[in-house]
Amino acid sequence: MAMNPTAAAPASGVYLSGLPRRLVADGVLTEAQALSLQQKSQTTKTPFVSLVIASKLMPAARLAQLAATEFGAPMMDLSAVELNVPLMKDLSEKLIRNFHAIPLYKRDRKLFIAISDPTNLQAVDEFRFATGLTVEGVIVEDDKLSKSIEAAIDAINAVSFGGGDVDLENLEVEGGDDDAKAVEKTSDEEDAPIIRYVNKVLMDAINRGASDIHFEPYEKKYRVRYRVDGELKEVASPPVAQGGRLAARLKVMSRLDLAERRVPQDGRIKLKLSPSKSIDFRVSTCPTLWGEKIVMRILDASSAMLGIDALGYETEQRDLYLKALAKPQGMILVTGPTGSGKTVSLYTGLNILNTEDTNISTAEDPCEINLPGINQVNVNVKQGLTFAAALKAFLRQDPDVIMVGEIRDLETAEIAIKAAQTGHLVLSTLHTNDAPQTLTRLLNMGVPAYNVASTVSLIIAQRLARKLCKFCRRPDNVPREELLREGFTAEQVDAPGFGIYKAGGCDQCNDGYRGRTGIYQVMPVTDAISRIIMEDGNAINIADQARREGVLDLRESAIKKVLEGVIDLTEANRVTTE
């Protein structure tokens with residue numbers, strides 16, 4: 001039976017109105033559910049309809065029917081409508097995404113747009129402002145609208161090849177010599193549509209928070225993918241015939257050899273977005289069967305300025321890192337696979353140490369983020385500038401802190417350890433699975449056990465996990481026995497108020513996830529662990545001792561993040577093992 005929608009408001013003073021009241025009157029939602037969603041909608045600025053759909057309380061089709069009836073608005077089946085591409089060529093992706101609406105058709109001076117929430121009046125106003133037309137909303141199903149929005153974005157990208165204008169007047173490439181600029185100017189005149197398209201792809205990637213852009217040629221398809229929150233997603237599929245021109249444009253921007261298509265090349269692009277804001281891209285080309293694949297990594301210096309508290313360290317882990325950074329000498333090692341956030345952890349530490357009275361030098365391959373006040377050197381093996389050669393040069397220039405991009409061989413390891421033993425703080429990375437294996441990796445390289453035990457002060461193993469969207473996460477009901485098998489303790493599972501969450505899905509996130517956080521194992525090399533190293537102990541012996549000393553391994557750290565509601569169990573299983 002439906003509850004009385006005119007009942008007195010609760011202590012919060014919030015009354016049901018409009019669509020929430022209609023859903024209660026029809027018995028679809030309880031008054032408590034409607035009030036909760038309405039309050040959440042007002043607090044988070046998320047459309048009420050999107051919250052209802054994300055909560056799985058009713059089908060999108062039924063909700064659209066009720067919304068159309070309540071507000072007397074026309075309704076349409078979006079799956080039966082073909083996208084009106086010409087109407088979209090002058091609209092920005094930001095407008096469509098932010099206001100969750102797309103244009104349907106135009107009659108005289110009136111534009112009809114598809115919306116799923118009849119109270120979304122701001123969308124009507126913004127489309128009216130953007131087009132100069134009278135705008136009217138048509139109710140559609142929310143899930144179909146989300147799919148159509150993605151298709152609309154692809155259409156907008158494809159239109160760029162036809163000469164559609166993209167407002168990128170402030171976008172310019174910095175640096176490069178006069179010859180390269182002359183080539184670029186010629187290219188600008190001949191390939192304006194390609195230039196607009198590439199600029200739009202780069203800007204969209206920045207706006208969506210992507211970390212990488214992949215341009216990939218195949219026999220019958222060309223695709224562009226973004227890596228957002230660690231997951232690759234296809235965002236555009238330009239014509240195959242344009243693949244060579246796209247590669248040429250990107251190589252011109254990167255100051256690479258246009259004529260060389262048989263061997264890989266590496267370059268950089270610096271885009272100036274405003275007088276005070278620029279973004280760096282690290283560019284890598286690789287010849288494939290059907291053309292050159294180009295991958296661009298977006299390097300944003302602001303990621304190193306976020307501060308250690310934004311990286312996801314537990315309080316004890318953060319304190320151990322800060323304590324090791326405060327030491328005048330010793331070695332801090334960060335380990336993990338490619339893309340696990342090692343660079344950000346190192347740069348965050350360097351940023352903490354970057355003061356006027358500290359001499360900091362880094363050797364990297366290549367330098368990813370430019371930090372003023374730090375002497376950064378790009379390793380160039382072909383010219384003889386190896387990590388070892390750079391380290392030797394650093395030691396002649398009175399450094400306080402040295403950062404080595406990666407310890408790859410015995411020579412580099414020995415010089416780095418010598419520096420750490422002679423009054424310098426050394427930071428570096430290794431590719432191992434966890435902290436205990438890092439110590440045995442150094443031993444296997446040939447570094448004497450005494451040097452490892454006396455020099456390494458802290459090891460950080462890490463992974464990156466996608467964070468749950470705080471707007472649409474929902475409780476996850478997992479059987480107790482399964483939780484125990486996954487690594488939860490009986491005390492955790494049986495604790496009062498225990499609960500974990502799983503991904504939902506709303507217009508504020510990517511399939512229920514938004515942003516990433518670090519999962520860490522922070523292991524100080526204590527006297528007990530040093531003795532194990534000196535006694536030729538293995539990684540298992542070291543891990544057992546670390547556990548006795550209270551060090552959380554990667555799995556335990558991930559479980560803790562699950563208990564805190566930051567990530568879900570699926571993501572914990574993806575980035576760690578039991």
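Observations on the model:
- Every condition in (1) in contact (Cβ under 8 Å) with a residue 12 or more places away in the chain; (2) loosely packed, with under 13 Cβ neighbours inside 10 Å holds for THR315 except the one numbered (1).
- Restricting segment 7-26 to residues that are open to solvent by 30 Å² or more (accessible area, probe 1.4 Å) and modelled with pLDDT of 80 or more, the residue that is farthest from GLY72 (Cα to Cα): ALA25
- Selection within segment 546-573 - closer than 22 Å to ALA324 by Cα and either open to solvent by 30 Å² or more (accessible area, probe 1.4 Å) or among the small types (Gly, Ala, Ser) (or both): ALA546, ARG547, ARG548, GLU549, GLY550, LEU552, ASP553, SER557
- Only a single item in (1) surrounded by fewer than 22 Cβ atoms within 10 Å (Cβ to Cβ); (2) in contact with a Leu (Cβ under 6 Å, 6 or more places away or on another chain); (3) of a type outside the set (Gly, Ala, Ser) is not met by THR422, and it is number (2).
- Of residues in segment 92-108 being surrounded by fewer than 19 Cβ atoms within 10 Å (Cβ to Cβ) and over 26 Å from the mean Cα position of the chain (by Cα), the one farthest from ILE153 (Cα to Cα): ASP108
- The single condition from (1) under 17 Å from the mean Cα position of the chain (by Cα); (2) open to solvent by 50 Å² or more (accessible area, probe 1.4 Å) that ASP494 fails is (1).
- Qualifying residues in segment 127-141 (those that are at pLDDT 85 or above and in a helix (DSSP H, G or I)) - the one farthest from the chain's Cα centre (by Cα): ARG128
- The residue that is farthest from the chain's Cα centre (by Cα), counting only those in segment 445-456 that are open to solvent by 20 Å² or more (accessible area, probe 1.4 Å) and touching a residue at least 12 places away in the same chain (Cβ under 8 Å), is TYR450.
- Odd one out for GLN521, checked against (1) within 16 Å of GLU314 (Cα to Cα); (2) modelled with pLDDT under 95; (3) more than 20 Å from the chain's Cα centre (by Cα): (2)
- Qualifying position, being aliphatic (A, V, I, L, M) and open to solvent by less than 30 Å² (accessible area, probe 1.4 Å), among LEU87, LEU63: LEU63
- A single member of ALA388, ALA363, ALA413 is modelled with pLDDT of 90 or more and either over 28 Å from VAL575 (Cβ atoms) or touching an Asp or Glu at 6+ places or on another chain (Cβ under 6 Å) (or both), and it is ALA363.
- Screening TYR218 against (1) modelled with pLDDT under 90; (2) in contact with a helix residue (DSSP H, G or I) (Cβ under 9 Å, 6 or more places away or on another chain) leaves a single unmet condition, (1).
- Members of segment 241-275 that are under 19 Å from VAL224 (Cα atoms) and hydrophobic (A, V, I, L, M, F, W, C): ALA241, LEU246, ALA247, ALA248, LEU250, VAL252, MET253, ILE269
- The set of residues in segment 188-232 being among the acidic types (Asp, Glu), open to solvent by 20 Å² or more (accessible area, probe 1.4 Å) and in a strand (DSSP E or B) consists of GLU231 alone.
- Residue count, segment 374-405 (criterion: open to solvent by 60 Å² or more (accessible area, probe 1.4 Å) and small (Gly, Ala, Ser)): 0
- Qualifying residue in segment 312-323 (condition: part of a helix (DSSP H, G or I), on the phi < 0 side of the Ramachandran plot and of a type in the set (Asp, Glu)): yes
- Set GLY512, GLY537, GLY505: member being over 31 Å from the mean Cα position of the chain (by Cα), open to solvent by less than 40 Å² (accessible area, probe 1.4 Å) and more than 23 Å from THR429 (Cβ to Cβ): GLY537
- Across segment 335-364, the number of residues qualifying as among the hydroxyl-bearing types (Ser, Thr, Tyr), within 20 Å of LEU430 (Cβ to Cβ), outside any helix (DSSP H, G or I) and open to solvent by 30 Å² or more (accessible area, probe 1.4 Å) comes to 1.
- Candidates ARG408, ARG463, filtered to the one that is open to solvent by 70 Å² or more (accessible area, probe 1.4 Å) and on the phi < 0 side of the Ramachandran plot: ARG408
- Residues (within 18 Å of PRO475 (Cβ to Cβ), outside any helix (DSSP H, G or I) and under 29 Å from the mean Cα position of the chain (by Cα)) located in segment 33-82: SER55, LYS56
The values are calculated or read from the model by the stated rules, or taken from the named source; none is laboratory data. Note that the structure is predicted; figures quoted are calculated from it, not measured. Reconstructed Cβ throughout: ideal geometry from the backbone, glycine too, with neighbour counts over all protein chains shown. Please note that ligands, DNA and RNA were not included when accessible areas were found on the heavy atoms of the full protein model with its side chains. Shrake-Rupley method; radii C 1.70, N 1.55, O 1.52, S 1.80 Å.
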